[in-house]
Amino acid sequence: MLLSLQVKNFAIIDNINIEFKQGMTVLTGETGTGKSLIIDAIGLLFGKRASSELVRYKENKATIEGVFTDYNDKIINLLKSNDIEYSLNEFLIIKREIYANGKSIAKINNTITPVSVLNEFGELIGDIHSQFDAQSLVNPKNYLEFLNNDNIINLEKNYTHLLNDYKRCKYDYDQFVKTNSETKKQLDFLNYQLNELKKVNLKINEEEELKGKLSVLNNFEEINKNIQEIKEIYEDKSVLDNIYLSLSNFKKIAIYDKKYESSVEIVDEAYYNLLDVIEIVKRNEKNLDYDPSLLDEINLRLSIYSNLKRKYKKTTQELLEYLNEIEEKINNIDNFDFKIKEYENKTSELFKQANQVADEISKLRKNEAKVIENEIGEILEELKLDNTIFEIKFIKSDTFLSTGVDKLDFLITFNKGEPLKPLSKIASGGELSRFMLALKSLVSKKMHYQTLIFDEIDSGVSGKIAYSIASKIKKLSNDSQILCVTHLPQVASIANNHLHITKNIDNENRTITKINEIEGEERTKEIALMISNGVLTSASFNLANELLNKKI
């Protein structure tokens, strides 16, 4: 729930700090005092678009900061997925800064956050409903959300997985058919390339091995000359004998002086390593042979690699991969009937599975639709819309949709004998406003909103209807924190808390908004003024007292 709201330099609001409580809180005041501005400020915390025009005249920026409590699992998951630090023992702090130059910054727990993410948080924390916000509720693309329950949501996840598999398989099938058709046209050319590449028997490491052998043959004399000199060094000059003698000396010294033991190990290892090296040199000398015919063979083989790489504009590795690709294409043509049957069977099975789950979702939605139709009917009776008929119409899609096979329309008529019409086509008015309240009541239960905000949704109603709206809003406060901007004394009197907004002129001759919590006689006077159109009379005061003590 919203614990506190601080607003600075926002339109005619200079600097206010509001503490909010649980239950139902009403905000009252004369038109133009800034009641709706407070709701707009909260809307910015929920991710609404900001405008530089909202910055108070002559100021550089406006600041709105809200402190919320009661983390739920969805909010925690959203914080984690966006790498926003949090502690369950602390509050959730959302801040918006709007600059006069058009820039805007959003922060959650002091972490700069995109407004799109802020909007996701807003959808989990609370909801703002005004007489003008029916657009989202009457948008047919949002209707499916009203029917969701846990079973439907779980099935939708399974459906989404199957639908993605089906789409991938269908795409692979279409690509296979297309590719196979194109391959057939160039079959002769592919067979020619296949024969050309297979005939030369390319090997991944052969080229480097051949280059190594070629280097030996091209530098035969230099290699042989150095081998002979190495042999002379170690044999004629007795290098190894001298090293062995020095090893014997080191061993004798080490008997008396332990620090020479490491020298013994080094010289000993060097001696035997050199013995191994001489053996390798002698062995390689025997195999060292200059063969002009081998030189020609190597050059010819390397030219094959060079020509093919130049012709195909590929590396040896890429040539071998291309060879496999050609073989696969030709194999697909040869086995087209078999492979196409595999694709058809797999695609058909995935289609069947996705369609089956979509039908299950549709059945659950239709059951839920009946429940919602009945629940809304009951709420509409409470709101004095007894003659209203509401129906959820299902239209089966010819193709898979991202949500299944259902398209929905909400049909309604407010008058007996009149035909049902799409909700999206109904003009706004008092009846539609009450219907939106009924719909909002159901949505809030499903969404588990912490805070529900109503901005003058009672506009244009009075008498029994006003009482019915007040009663419905008060019932919602049993499960959610309610903030309600109203001009109706019936609604104001039923609230747990009452905030009064006024507009004053400061010392600099500028308009500012002030807000105060009112109780007792002060609250009675405010409701009396609402009853008597701004003129306090004993009759309106007594009636205000009666309203405050009336149990709805």
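Under 8 Å between Cβ atoms, which residue pairs at least 6 apart in sequence (or on different chains) link something in region 373-400 that is closer than 19 Å to Ile473 by Cα with a partner that is assigned to a strand (DSSP E or B) and open to solvent by less than 50 Å² (accessible area, probe 1.4 Å)?
Ile376/Phe390; Gly377/Phe390; Leu380/Phe390
Considering only region 58-72, state which residues are in contact (Cβ under 8 Å) with a residue 40 or more places away in the chain and assigned to a loop (DSSP other than H, G, I, E, B).
Glu59, Asn60, Thr69, Asp70, Asn72
Would you check which residues across region 308-324 are more than 15 Å from Asn205 (Cα to Cα) and open to solvent by less than 80 Å² (accessible area, probe 1.4 Å) and list them?
From region 308-324, those more than 15 Å from Asn205 (Cα to Cα) are 308, 310-314, 322-324; that's our starting set.
Within region 308-324, Leu308, Tyr312, Lys314, Tyr322, Leu323 meet the criteria.
Quick test for you: out of Tyr86, Tyr99, pick the one residue that is open to solvent by 50 Å² or more (accessible area, probe 1.4 Å) and within 21 Å of the chain's Cα centre (by Cα).
Only one candidate passes the filter, namely Tyr86.
Given the conditions (1) outside any strand (DSSP E or B); (2) under 19 Å from Ser532 (Cα atoms), report the number of the one that Thr502 does not fulfil.
(1)
One residue is enough: does region 531-542 have a residue meeting the conditions in a helix (DSSP H, G or I), open to solvent by less than 20 Å² (accessible area, probe 1.4 Å) and closer than 30 Å to Tyr143 by Cα?
no
What is the number of the single condition among (1) open to solvent by 70 Å² or more (accessible area, probe 1.4 Å); (2) within 28 Å of Asn72 (Cβ to Cβ); (3) in contact with a Ser or Thr (Cβ under 9 Å, 6 or more places away or on another chain) that Lys421 does not meet?
Single failed check for Lys421: (2).
Any residue at all in region 193-210 that's modelled with pLDDT under 85, surrounded by 12 or more Cβ atoms within 10 Å (Cβ to Cβ) and within 44 Å of the chain's Cα centre (by Cα)?
No, region 193-210 contains no residue that is modelled with pLDDT under 85, surrounded by 12 or more Cβ atoms within 10 Å (Cβ to Cβ) and within 44 Å of the chain's Cα centre (by Cα).
I'd like the full set of residues that are modelled with pLDDT of 85 or more, aromatic (Phe, Trp, Tyr) and closer than 28 Å to Leu320 by Cα, limited to region 142-192.
Of everything in region 142-192, those that are modelled with pLDDT of 85 or more, aromatic (Phe, Trp, Tyr) and closer than 28 Å to Leu320 by Cα turn out to be Tyr171, Tyr173.
Exactly one condition in (1) loosely packed, with under 11 Cβ neighbours inside 10 Å; (2) at pLDDT 80 or above; (3) closer than 30 Å to Pro292 by Cα is not met by Glu221; state its number.
Result: Glu221 passes all but (2).
Assess whether Thr413 counts as being over 19 Å from Lys440 (Cα atoms) and either crowded, with 17+ Cβ neighbours inside 10 Å or in contact with a strand residue (DSSP E or B) (Cβ under 6 Å, 6 or more places away or on another chain) (or both). Write out each step before concluding.
Values: over 19 Å from Lys440 (Cα atoms): no; either crowded, with 17+ Cβ neighbours inside 10 Å or in contact with a strand residue (DSSP E or B) (Cβ under 6 Å, 6 or more places away or on another chain) (or both): yes.
No: the conditions fail for Thr413.
For region 276-297, does any single residue satisfy the condition of being over 23 Å from Glu222 (Cα atoms) and out of contact with any Gly (no Cβ under 6 Å at 6 or more places or on another chain)?
no
State whether one or more residues within region 25-32 are under 13 Å from Ala11 (Cα atoms) and touching a residue at least 24 places away in the same chain (Cβ under 8 Å). Quick ask: steps written out before the conclusion?
First, the residues of region 25-32 that are under 13 Å from Ala11 (Cα atoms): 32.
Cutting the leftovers down to touching a residue at least 24 places away in the same chain (Cβ under 8 Å) gives us 32.
Checked region 25-32: at least one residue is under 13 Å from Ala11 (Cα atoms) and touching a residue at least 24 places away in the same chain (Cβ under 8 Å).
Based on this model, can you work out whether Ile340 counts as under 43 Å from the mean Cα position of the chain (by Cα), at pLDDT 80 or above and either closer than 30 Å to Asp165 by Cβ or of a type in the set (D, E, K, R) (or both)?
Values: under 43 Å from the mean Cα position of the chain (by Cα): yes; at pLDDT 80 or above: yes; either closer than 30 Å to Asp165 by Cβ or of a type in the set (D, E, K, R) (or both): yes.
When the stated conditions are applied, Ile340 passes them.
Considering only region 466-479, how many residues are open to solvent by less than 10 Å² (accessible area, probe 1.4 Å) and not in a helix (DSSP H, G or I)?
Of the residues in region 466-479, 0 are open to solvent by less than 10 Å² (accessible area, probe 1.4 Å) and not in a helix (DSSP H, G or I).
Give the residues of region 267-306 that are touching a helix residue (DSSP H, G or I) at 6+ places or on another chain (Cβ under 9 Å), loosely packed, with under 14 Cβ neighbours inside 10 Å and of a type in the set (Val, Ile, Thr), sorted by residue number.
Hit for region 267-306 is Val277, nothing else.
For Asp506, indicate whether it is surrounded by fewer than 16 Cβ atoms within 10 Å (Cβ to Cβ) and closer than 30 Å to Glu59 by Cα.
Yes; evaluated as a whole, the condition is true for this residue.
Can you tell me how many residues in region 447-496 are out of contact with any helix residue (DSSP H, G or I) (no Cβ under 7 Å at 6 or more places or on another chain), modelled with pLDDT of 90 or more and within 20 Å of Ser540 (Cα to Cα)?
1
The values are calculated or read from the model by the stated rules, or taken from the named source; none is laboratory data. The structure presented is a predicted model; accordingly, all values stated were derived computationally and were not measured. Every residue, glycine among them, receives a Cβ derived from its backbone with ideal geometry; neighbour counts consider all protein chains shown. Ligands, DNA and RNA are stripped out before the accessible areas are found, and what is left, the full protein with its side chains, is counted by its heavy atoms. Shrake-Rupley method; radii C 1.70, N 1.55, O 1.52, S 1.80 Å.
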